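S.K.: Sending over a structure as structure tokens; questions will come in a sec.
The values are calculated or read from the model by the stated rules, or taken from the named source; none is laboratory data. Keep in mind that what you see is a predicted model, and the values were worked out from it rather than measured. Glycine gets a Cβ as well: all are built from the backbone with ideal geometry, and neighbour counts include every protein chain shown.
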Amino acid sequence: MANPTSRHSKSRRDKRRANWKGQMPTLVTCPDCKEYKAPHRVCPSCGSYNGKKIIEVVAKES
């Protein structure tokens, strides 16, 4: 196996590690209730997908 002949500096090491950034999740608006949801998933607030009612959503009591 090839080994490095000289040591990499801390700045060079940190430049390589600089691309570990968090990403915001992709969100789209539900066409039925206008709430944000993940794309290609059932809407958690109204229970519809692709214009059809898929699941019944029980309202939370406050």
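S.K.: Of the residues Thr29, Thr5, which is surrounded by 10 or more Cβ atoms within 10 Å (Cβ to Cβ), among the hydroxyl-bearing types (Ser, Thr, Tyr) and at negative phi? Let's see the steps before the verdict.
M.R.: Working: Thr5 fails: surrounded by 10 or more Cβ atoms within 10 Å (Cβ to Cβ).
Unique residue meeting the criteria: Thr29.
S.K.: Next question. Quick check on my filter: what residues within the range 38-48 are within 19 Å of the chain's Cα centre (by Cα) and of a type in the set (Ser, Thr, Tyr)? Break it down into steps so the answer makes sense when it comes.
M.R.: Within the range 38-48, the first condition is being within 19 Å of the chain's Cα centre (by Cα), and the residues that meet it are 38-45.
Matches in the range 38-48: Ser45 only.
S.K.: So which of Glu35, Glu56 ends up being loosely packed, with under 10 Cβ neighbours inside 10 Å and either charged (D, E, K, R) or touching a helix residue (DSSP H, G or I) at 6+ places or on another chain (Cβ under 6 Å) (or both)? Before you say what the answer is, go through the steps one by one.
M.R.: On the way: Glu35 fails: loosely packed, with under 10 Cβ neighbours inside 10 Å.
Of Glu35, Glu56, the one residue that is loosely packed, with under 10 Cβ neighbours inside 10 Å and either charged (D, E, K, R) or touching a helix residue (DSSP H, G or I) at 6+ places or on another chain (Cβ under 6 Å) (or both) is Glu56.
S.K.: Let me ask you something else. What about Arg41, is it surrounded by fewer than 12 Cβ atoms within 10 Å (Cβ to Cβ), assigned to a loop (DSSP other than H, G, I, E, B) and modelled with pLDDT of 95 or more? Reasoning before the result, please.
M.R.: Numbers: surrounded by fewer than 12 Cβ atoms within 10 Å (Cβ to Cβ): yes; assigned to a loop (DSSP other than H, G, I, E, B): yes; modelled with pLDDT of 95 or more: yes.
Here the answer is yes, as Arg41 does meet what is asked.
S.K.: So, one more: Answer yes or no: is there a residue in the range 10-19 that is modelled with pLDDT under 95 and assigned to a loop (DSSP other than H, G, I, E, B).
M.R.: no
S.K.: Within the set of pairs 6 or more residues apart or between chains, which connect a residue that is exposed (fewer than 10 other Cβ atoms within 10 Å of the Cβ) inside the range 8-22 to a residue that is of a type in the set (S, T, N, Q) with Cβ atoms less than 7 Å apart?
M.R.: none
S.K.: In this structure, does Pro25 turn out to be at pLDDT 95 or above and in a loop (DSSP other than H, G, I, E, B)? Please lay out each step first, then the result.
M.R.: Details: at pLDDT 95 or above: no; in a loop (DSSP other than H, G, I, E, B): yes.
For Pro25, the condition - at pLDDT 95 or above and in a loop (DSSP other than H, G, I, E, B) - is not met.
S.K.: A follow-up question, please. Pairs only if they're at least six apart or on different chains, beta carbon under 7 angstrom, first in the range 43-62 and within 22 Å of Leu27 (Cα to Cα), second exposed (fewer than 10 other Cβ atoms within 10 Å of the Cβ) and charged (D, E, K, R); list them, first residue then second.
M.R.: Between residues of the range 43-62 that are within 22 Å of Leu27 (Cα to Cα) and residues that are exposed (fewer than 10 other Cβ atoms within 10 Å of the Cβ) and charged (D, E, K, R), the close pairs are Gly47/Glu56.
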